[in-house]
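A.B. asks: The structure under discussion is supplied below as structure tokens; questions concerning it will follow.
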Amino acid sequence: MFEFHINRHAYHELLHRNAIEYIIPFILKETIIGSGSRVLEIGSGDGGNISAFLTLGCHVVGVELDPYLVEFTKEK
């Protein structure tokens, strides 16, 4: 087990950085995203990907079944 598995804030930041460095550039190769873009994430977990898309001005909806993770994401 890694430290980020225990520390939700560290895991959120890891997901956020991953989205900024890899996921968003991959998407930008095919389409334009930014202010006004709509993003749906199913299984949003800690919300790290959500926060990355929010920094671009996207309208983001995350679907998560775990109530704890939903509250954690709302706080972030």
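A.B. asks: Mind checking which pairs have a first residue in the stretch 20-46 that is among the basic types (K, R) and a second that is open to solvent by 100 Å² or more (accessible area, probe 1.4 Å), Cβ under 9 Å, 6 or more apart or different chains?
C.D. replies: Cβ pairs passing all conditions: R38/H59.
A.B. asks: Every residue in the stretch 49-68 that is open to solvent by less than 70 Å² (accessible area, probe 1.4 Å), closer than 15 Å to H16 by Cα and either out of contact with any Phe, Trp or Tyr (no Cβ under 7 Å at 6 or more places or on another chain) or basic (K, R) (or both), please.
C.D. replies: N49, I50, S51, A52, F53, L56, G57, C58, G62
A.B. asks: Which one is least open to solvent (accessible area, probe 1.4 Å), of the residues in the stretch 1-42 that are outside any helix (DSSP H, G or I), touching a Leu at 6+ places or on another chain (Cβ under 8 Å) and of a type outside the set (S, T, N, Q)?
C.D. replies: It comes out as G34.
The values are calculated or read from the model by the stated rules, or taken from the named source; none is laboratory data. Small disclaimer: the values here were computed from a predicted structure and weren't measured. Note that each Cβ is placed from the backbone with ideal geometry, even for glycine, and that neighbours are counted across all protein chains shown. For the accessible areas, the whole protein counts, side chains as well, though only heavy atoms, and no ligand, DNA or RNA atoms are used. Shrake-Rupley method; radii C 1.70, N 1.55, O 1.52, S 1.80 Å.
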